[in-house]
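Before any comments, here is the structure.
The values are calculated or read from the model by the stated rules, or taken from the named source; none is laboratory data. It should be emphasised that the depicted structure is a prediction, and the values quoted were computed from it without experimental measurement. Note that we place each Cβ from the backbone using ideal geometry, even for glycine, and neighbour counts take in every protein chain shown.
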Amino acid sequence: MQHLHRSHIYGVMGEFGDPAELIHAVEKIRAAGYRRVNAYSPFPVEGLSEALGLKRNMVSTICLLGGLTGGLGGFLFQYWVATTAYPMNIGGRPLNSWPAFIPVTFELTILGASLAAVFGMLALNKLPQPHHPVFNVPRFTHASADRFFVCIEAKDPKFQLTECARILQEVHAHHITEVSDD
Amino acid sequence: MSAGQPPFDSPEIRRLTPVIGPGYTYGSVTDKISAIVLTRPTSLGWYIGFLIAFSVMGMMTVAIAWLIMKGTGIWGINIPIGWGFAIVNFVWWIGIGHAGTLISAILFLLNQKWRTSINRFAEAMTLFAVACAGMFPLIHTGRPWMAFYMMPYPSTMGIWPQFRSPLIWDVFAVSTYGTVSLMFWFVGLIPDLATLRDRSVRKPMKIIYGMLSMGWRGSARHWHRYQSAYLLLAGLATPLVLSVHSVISFDFSVAIVPGWHTTIFPPYFVAGAIYSGFAMVLTIAIPLRKVYGLEDFITMRHLDNMAKVMLATGLIVAYGYFIEFFMASYSGNKFDVFLVQQRLHGPYAPYYYALILCNILIPQLLWSFKMRHNVAVLFIMSIVVNIGMWLERFVIVVISLTRDYVPSAWGRYSPTFWDWATFIGTMGMFVTLIFLFVRVLPAISIAEMRELVAETSEDEK
């Protein structure tokens, strides 16, 4: 443990070599009563969301809303153009020729839903975010390659530096480090 | 079946041809793929290849500049053939793009592990093919600087696009396709950009990859939403890719032109698109794995599977040709019957026979296990299919337009130098973009390869 004198800490981080150890550690830490826990991995680890107790996320709802907006907006817009803004009488055919509006309505549904899914995901993840305290840990560069990390955050009501370090040791974490909040 | 060959799709075959070579770890896949971008010196071959492709692209630039100065009269088009090379090439390129989305979206939904190492560059190929495709209708308008007229915007003239026209459907289909493909590709790239950020040594590279990765840190909470978004995008891209070539086929089938006005067009166009797209993926994958030593990631299993998809879609295309014949004869419509006869005996008959040879006859070799496992044969086959699919679009566009209802409206079409210069030029642009892509971005998804390592090591346990 280094830099114990510093007052601003983001949390305590431990490192693991494979996904099974990571899930085991997360389960143990949560069982000990910690709630502000996060894990970092170079690829999505199956079962990690459940171990962390993450609930269903909002991305699919946002995506649905985006799709509805695109589809309904697209159709009503074409309806308005064809009947009100720029009506064209072609051999007395009906102005609201809705079957002809379906391809564009379909494309705009997909476009709206996709834009909403991607930008909704980024917004919920608060990305882009150029800096984050976890990047202060030198070994964290391995989080995008071959190592798995668990961080118990200082915001946790139970947070206590030495106690957190102890529990990480108990689950056999390597390189237990304090994460500074600068 | 030859003697000693293990039974089809048995565990034995899976062991012999795995989706990833043995002995890889999270670290070693990361090292191997990121090294292509970060540490491997740029080879002389890359510079030579890039220079050739870039020069060919320069020819396209000249051809387009000349077109803008002179107008579409420099091409071989004239009434009654208003849709020459521009539309043939547009349909060809956009079809090629379809395999990328199919691999990344449909095979993802079907949980096909073998898609992992080919999806990234197949998606890149989609984007570049759409870029090449989009160019053609744009310059075919004759006044590309007026292209914004196709967009619905409140103009001072109070006019709006005609939403009943398939050409406007095209605008929406292709631009949605381009946008969604770009997002799909970029979302897949985010974790890999973070890897490149963490592994690059030089400051400018760190900053560029850092900005592009948007501060991705692999947080479990982020992955949770990321996976939802990725799955949703795959689910959305699947009907989208089927709709795009359907909409493009409407350009033809909605028109009351003999040979175009048929209901088989949408499914037959989509199958043809996937056919030519897989051919192009093979055309790119075979040199790529050779040059960068990626045989452990793009294995024979991948090439074999892609060959099988080609064979299957090729048969659907063959069925489409057959139904075109059958419907024309069965309908008894004399114009349709005449058109079919023109394909067999008219002035463009050699193109039609070449198309049958390239698209139907030669690919039947893929039934053979030996042929599917012969890389050289696959490479040649992929080129043959690409030529065949281009001929198909040429036959569809040109024969119907030169043989309309009234003999006084008949004509002949031959492309000019500038037609060829533009077409070959877009191939230069495509290859240039591929060269740049493999140099600056990971051509194989590193994050998904790590997932594959985790899954295969679990299987072995």
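Going by what's in this entry, would B:Ser175 be described as in contact with a helix residue (DSSP H, G or I) (Cβ under 9 Å, 6 or more places away or on another chain) and within 9 Å of another protein chain (Cβ to nearest Cβ)? Let's see the steps before the verdict.
Working: in contact with a helix residue (DSSP H, G or I) (Cβ under 9 Å, 6 or more places away or on another chain): yes; within 9 Å of another protein chain (Cβ to nearest Cβ): yes.
Yes; evaluated as a whole, the condition is true for this residue.
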statement: The one condition B:Pro267 fails out of (1) under 17 Å from the mean Cα position of the chain (by Cα); (2) farther than 20 Å from B:Leu378 by Cβ; (3) crowded, with 19+ Cβ neighbours inside 10 Å is (3)
message: Quick check on this structure: which one of B:Leu282, B:Leu344, B:Leu315 is touching a residue at least 12 places away in the same chain (Cβ under 8 Å) and either crowded, with 16+ Cβ neighbours inside 10 Å or on the phi < 0 side of the Ramachandran plot (or both)?
response: B:Leu282
message: Show me the helices (runs of 4 or more DSSP H) found entirely inside region A:40-129 where at least 1 residues are in contact with a His (Cβ under 7 Å, 6 or more places away or on another chain) and facing another protein chain (nearest Cβ under 7 Å).
response: A:48-51
query: If you check A:Phe159, A:Phe119, which single one turns out to be over 20 Å from A:Leu48 (Cβ atoms) and within 16 Å of the chain's Cα centre (by Cα)?
result: A:Phe119
- line: Per the filter on region B:45-63, residues at pLDDT 95 or above and of a type in the set (A, V, I, L, M, F, W, C) are B:Ile48, B:Phe50, B:Leu51, B:Ile52, B:Ala53, B:Phe54, B:Val56, B:Met57, B:Met59, B:Met60, B:Val62, B:Ala63
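Can you tell which of B:Thr72, B:Thr61, B:Thr42 is surrounded by fewer than 20 Cβ atoms within 10 Å (Cβ to Cβ) and either more than 29 Å from B:Phe278 (Cα to Cα) or among the aromatic types (Phe, Trp, Tyr) (or both)? Reasoning before the result, please.
Details: B:Thr61 fails: either more than 29 Å from B:Phe278 (Cα to Cα) or among the aromatic types (Phe, Trp, Tyr) (or both); B:Thr42 fails: either more than 29 Å from B:Phe278 (Cα to Cα) or among the aromatic types (Phe, Trp, Tyr) (or both).
It is B:Thr72.
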message: Being in contact with a helix residue (DSSP H, G or I) (Cβ under 9 Å, 6 or more places away or on another chain), at pLDDT below 95 and surrounded by fewer than 19 Cβ atoms within 10 Å (Cβ to Cβ) is the requirement here; does A:Gly91 meet it?
response: no
- request: Inspect region A:5-13 for any residue being over 24 Å from B:Asp192 (Cβ atoms), under 23 Å from the mean Cα position of the chain (by Cα) and free of Cβ contacts under 8 Å to residues at least 60 places away in the same chain and give the result as yes or no.
  value: no
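Go through region A:142-165 and give me each residue that's among the hydroxyl-bearing types (Ser, Thr, Tyr) and either farther than 27 Å from B:Ala194 by Cβ or part of a loop (DSSP other than H, G, I, E, B) (or both).
Pass one, region A:142-165, residues among the hydroxyl-bearing types (Ser, Thr, Tyr): A:144, A:162.
Residue satisfying the conditions is A:Thr162 alone.
So which of B:Leu127, B:Leu107 is among the hydrophobic types (A, V, I, L, M, F, W, C), under 24 Å from B:Val247 (Cβ atoms), free of Cβ contacts under 8 Å to residues at least 40 places away in the same chain and surrounded by 18 or more Cβ atoms within 10 Å (Cβ to Cβ)?
Values: B:Leu127 fails: free of Cβ contacts under 8 Å to residues at least 40 places away in the same chain.
Only one candidate qualifies: B:Leu107.
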task: Name, by its number, the condition in (1) under 30 Å from B:Met69 (Cβ atoms); (2) of a type in the set (S, T, N, Q); (3) assigned to a helix (DSSP H, G or I) that does not hold for B:Thr156.
output: (3)
- request: Scan region B:232-259 for residues that are free of Cβ contacts under 8 Å to residues at least 40 places away in the same chain and within 12 Å of A:Cys63 (Cβ to Cβ) and jot them down.
  value: B:Leu232
- line: Flagged in region A:60-80 as surrounded by fewer than 20 Cβ atoms within 10 Å (Cβ to Cβ) and β-branched (Val, Ile, Thr), in numbering order, are A:Thr61, A:Thr69
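Please go through region A:35-59 and give me each residue that is in contact (Cβ under 8 Å) with a residue 40 or more places away in the chain, surrounded by fewer than 22 Cβ atoms within 10 Å (Cβ to Cβ) and not hydrophobic (A, V, I, L, M, F, W, C), ordered by number. Write out each step before concluding.
Our first condition is that a residue be in contact (Cβ under 8 Å) with a residue 40 or more places away in the chain; within region A:35-59, this holds for A:35-42, A:45, A:57-59.
Adding the requirement that they be surrounded by fewer than 22 Cβ atoms within 10 Å (Cβ to Cβ) leaves A:35-38, A:57-58.
Correct list: A:Arg35, A:Arg36, A:Asn38, A:Asn57.
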field: In region B:375-418, the residues that are at pLDDT 95 or above, surrounded by fewer than 16 Cβ atoms within 10 Å (Cβ to Cβ) and not hydrophobic (A, V, I, L, M, F, W, C)
entry: B:Thr416
- line: Taking region B:138-152 and keeping only residues that are more than 18 Å from A:Phe101 (Cβ to Cβ) and assigned to a loop (DSSP other than H, G, I, E, B), one is left with B:Thr141, B:Gly142, B:Arg143
message: I need the full set of residues from region B:136-170 which are surrounded by 12 or more Cβ atoms within 10 Å (Cβ to Cβ), within 11 Å of chain A (Cβ to nearest Cβ), out of contact with any Asp or Glu (no Cβ under 8 Å at 6 or more places or on another chain) and of a type outside the set (A, V, I, L, M, F, W, C), in order please.
response: B:Pro152, B:Pro161, B:Gln162, B:Arg164, B:Ser165
- request: Out of the residues in region B:182-214 that are more than 10 Å from chain A (Cβ to nearest Cβ) and in contact (Cβ under 8 Å) with a residue 60 or more places away in the chain, state the one that is surrounded by the fewest Cβ atoms within 10 Å (Cβ to Cβ).
  value: B:Val201
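Criterion first (at pLDDT below 95 and more than 15 Å from B:Val244 (Cα to Cα)) does B:Gly97 satisfy it? Show your work before the answer.
Numbers: at pLDDT below 95: yes; more than 15 Å from B:Val244 (Cα to Cα): no.
The answer is no for B:Gly97.
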